[in-house]
1. Can you tell me which residue within the stretch 469-486, out of those that are polar (S, T, N, Q) and within 24 Å of ALA300 (Cα to Cα), is least open to solvent (accessible area, probe 1.4 Å)?
2. Output the qualifying pairs, or none if there are none: Cβ atoms under 8 angstrom, residues six or more apart or on different chains, first residue in the stretch 93-108 and near ligand 1 (Cβ under 6 Å from one of its atoms), second residue of a type in the set (Lys, Arg).
3. Evaluate the stretch 283-298: report whether one residue or more is in contact with a strand residue (DSSP E or B) (Cβ under 7 Å, 6 or more places away or on another chain) and without any contact (Cβ under 8 Å) to a residue 60 or more places away in the chain.
4. Suppose we filter the stretch 64-92 for residues that are within 12 Å of ligand 1 (Cβ to nearest atom) and more than 20 Å from ASN195 (Cα to Cα); how many remain?
5. So, in the stretch 369-396, exactly how many residues are over 14 Å from MET336 (Cβ atoms), more than 9 Å from ligand 2 (Cβ to nearest atom) and open to solvent by 40 Å² or more (accessible area, probe 1.4 Å)?
6. Could you check, for the stretch 163-184, whether at least one of its residues is touching a residue at least 12 places away in the same chain (Cβ under 8 Å) and within 13 Å of ligand 1 (Cβ to nearest atom)?
7. With respect to the numbered conditions (1) part of a helix (DSSP H, G or I); (2) over 23 Å from ALA391 (Cβ atoms), which one is the sole condition not fulfilled by SER499?
8. Listed residues THR57, THR113, THR97; which is touching a Phe, Trp or Tyr at 6+ places or on another chain (Cβ under 8 Å), of a type in the set (Val, Ile, Thr), within 16 Å of ligand 2 (Cβ to nearest atom) and at pLDDT 95 or above?
Amino acid sequence: NDTSMQHRNLNHMTREERFSEAMRRTLYALKVLLPREGWTPVGPEMKYLARAIKEFTFIIHAGVFIPCIMSYGTNEQIAKWFPLAADFRIIGTYAQTELGHGSFLRGLETIATYDRANQEFIINCPKITAMKWWPGDMGKSANHVLLMAELVIDGKKYGMHGFMVQIRDLTTHEPLPGVTVGDIGAKLSFESVDNGFLYLQNVRIPRENLLSKLSEVHPDGTYIKKGNQRLMYGSMVRVRVNLIAHEIVMPLAKACTIAVRYSAVRRQGLINPSKEEVPVLDYVAQQHKLLPQVATVFMAHFAAKQLVKMHHDYSLEVEKGNTSQLPELHALSAGMKACLSEQGAAGAEIVRRACGGHGYSCGSGLPFIVNRMLATCTYEGENTVMQLQCARYLIKCADQAKKDKLTGSVWYLSDFSNMSCTAQTFGDLQEPSVLVKLHERRAKCAVQHAGKKMQNMVKNGTPAHDAWNMMATLLINAARAHIMQYVVGTSVTYISELSCSASLKKILTQLCALYALHNINSNCGDFVKFGCLTSAQCDLAQEAEFNLLKQLRPDAVGIVDSFDFTDDILQSCLGAYDGNVYERLFEWAKQAPMNKTEVHQDSYQYLQPYLHEGRDVLEGRGRNSKL
Ligand SMILES: CCCCC/C=C/C(=O)SCCNC(=O)CCNC(=O)[C@H](O)C(C)(C)COP(=O)(O)OP(=O)(O)OC[C@H]1O[C@@H](n2cnc3c(N)ncnc32)[C@H](O)[C@@H]1OP(=O)(O)O
Ligand SMILES: Cc1cc2nc3c(=O)[nH]c(=O)nc-3n(C[C@H](O)[C@H](O)[C@H](O)COP(=O)(O)OP(=O)(O)OC[C@H]3O[C@@H](n4cnc5c(N)ncnc54)[C@H](O)[C@@H]3O)c2cc1C
């Protein structure tokens with residue numbers, strides 16, 4: 001109810017206005033919501049903040065820069081930098097991606113050369129492709145960067161390391177000498193975020209600015225490794241784990257809330273010619289578009305909770321020096337981020353399109369969500385690259401499964417029990433245990449299929465790297481199958497262990513079955529090819545899905561209401577709680593800057609001669625058109 005937190009109409013603001021407004025709101029919210037001395041980077045308030053501020057800034061500062069200080073800094077470095085960053089007395093970003101490289105980190109070109117005489121690092125972008133490009137909050141806000149650069153000592157390269165580099169004066173906010181920095185310009189979304197470019201030429205930083213938890217450089221230039229170097233990738237694992245909830249589950253929940261509510265209000269056409277126009281939500285085709293996406297919200301939420309728990313447990317182990325869980329966590333987080341962002345972004349577009357013309361209006365709030373979700377398929381590891389990382393782990397585990405009993409998320413690869421499906425009715429295929437088994441079998445076969453294809457190629461003389469490249473599509477499918485079985489399996493377990501009313505558990509179980517069946521029906525080629533289902537059973541799977549749509553239809557609005565988004569957070573004329581769609585759309589349109597005046601003077605000056613000629617002709621005074 002605080003007017004300072006009320007959303008202005010973002011769609012009718014310029015990019016610069018949105019950038020400033022997001023900064024004002026974020027800092028105001030932090031000041032109001034999170035007392036400074038008690039500020040913690042994550043907590044219930046932050047969850048509220050994430051929901052309450054449709055567009056906020058300092059995402060990378062809070063979500064990546066600060067956690068990286070914790071991950072890569074020594075205790076002394078954390079003691080120095082964390083309090084400054086937590087209180088926004090310095091603003092930072094995570095500068096890794098370059099103009100020429102984003103996925104292939106070993107190709108990054110920014111260099112940090114150790115100058116023994118002065119005990120400094122000299123930072124350089126040797127050519128234009130080495131310029132840092134994309135980091136959020138970097139263009140105009142950040143005065144520091146956590147710069148990922150190749151460490152060089154006496155001409156020898158030591159790989160990517162993290163360096164704290166100040167880029168702007170703390171008094172004037174002007175770029176420091178050797179620093180060229182700015183905003184990269186308009187993007188598909190994140191209008192309020194100043195994703196930036198950063199060109200560094202002979203910028204000097206003290207030796208102490210190498211974040212040294214995992215390695216350090218002594219004054220004489222001696223390089224010391226201090227732990228599992230793969231922990232250097234740890235920040236990306238953490239962000240991938242956490243972004244699923246905030247950038248995939250929540251936006252998809254908003255999109256579903258808007259689309260389902262609108263579909264319950266929008267009447268269009270007839271089902272029974274003798275009856276009145278129906279709400280479009282009564283069309284099974286509309287239910288088939290919307291309800292599986294609603295189910296995806298819940299299943300992705302349950303799986304994400306499990307992944308966050310896994311990351312938390314892993315982090316505790318890392319503190320004890322045990323990094324054995326890292327490979328599995330990397331594979332799972334990379335695969336989950338890729339597959340759920342793919343599903344989520346596609347799902348948001350499906351439900352947007354299901355809202356017809358008004359779904360194309362920014363007044364629906366849907367284009368904002370769709371465009372923003374598209375970015376999740378690219379940042380924090382481009383999806384294809386992430387799916388191949390997941391597949392790399394699966395192929396290794398499949399080889400290991402031939403001699404060992406596997407545990408964790410890949411346990412099913414060493415399960416050689418009979419997995420044939422005996423379903424005789426569509427009801428059998430709504431059983432959670434049957435759906436879990438089907439997904440495990442499909443995943444196991446997909447992984448084995450990809451592995452066998454590569455093995456045969458190598459046996460016939462193809463180099464392993466070429467076999468990998470040529471079978472990439474099968475490997476990506478195996479990664480998707482693995483994640484789907486993980487999502488279905490963890491969701492079934494989560495729901496079974498949930499202490500809630502029987503009626504709620506029934507709905508959640510139906511949603512879980514709908515998610516699994518929609519996935520089966522969308523990939524039935526795999527399920528038949530790998531012998532998981534017969535063609536007749538595929539028909540039953542479709543019947544089972546349609547039956548669930550019918551069962552869930554009456555509760556559809558209640559289910560999305562349970563996401564509990566306020567109208568102010570949704571910012572949607574179609575999804576407002578009162579359902580007054582048309583009045584809200586009309587009011588929203590009238591606020592458009594184009595409607596500030598009845599006549600748009602700039603365009604009128606061009607039109608005027610033509611209008612007056614038309615007037616004269618119609619009033620009998622003018623000459624007829626040449627035509
Ligand atoms: C709200 C909006 C916020 C938006 C914020 C956005 C921020 C960003 O986008 S930050 C930039 C994100 N960029 C990336 O994610 C880059 C993706 N690329 C990579 O992570 C790596 O280049 C790679 C994993 C694709 C390749 O790594 P590389 O070492 O070059 O090569 P390999 O594939 O041979 O891997 C070697 C070895 O290391 C293991 N490994 C790789 N990554 C990780 C990791 N994150 N954690 C743990 N282990 C990792 C990999 O599995 C291999 O292991 P083995 O199979 O045992 O050899
Ligand atoms: C909104 C947004 C915010 C971002 N924020 C940050 C940030 O704060 N900090 C930061 O450092 N970066 C940030 N990034 C950059 C982001 O991390 C990179 O864009 C991402 O890692 C992909 O790298 P790239 O753009 O160089 O694409 P490339 O790596 O050039 O990939 C281009 C395409 O090539 C294909 N490809 C690449 N490698 C392979 C492979 N091995 N196998 C098969 N196909 C492949 C894929 O189709 C891929 O889409 C952000 C990006 C966006 C869009």
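The values are calculated or read from the model by the stated rules, or taken from the named source; none is laboratory data. For clarity, every value in this text was computed on a predicted model and none was experimentally measured. Reconstructed Cβ throughout: ideal geometry from the backbone, glycine too, with neighbour counts over all protein chains shown. Protein only, heavy atoms only, side chains kept; ligands, DNA and RNA dropped before computing areas. Shrake-Rupley method; radii C 1.70, N 1.55, O 1.52, S 1.80 Å.
1. Among those that are polar (S, T, N, Q) and within 24 Å of ALA300 (Cα to Cα), it is GLN485.
2. GLN96/LYS132; THR97/LYS132
3. no
4. 1
5. So the answer is 3.
6. No, the stretch 163-184 contains no residue that is touching a residue at least 12 places away in the same chain (Cβ under 8 Å) and within 13 Å of ligand 1 (Cβ to nearest atom).
7. (1)
8. THR97
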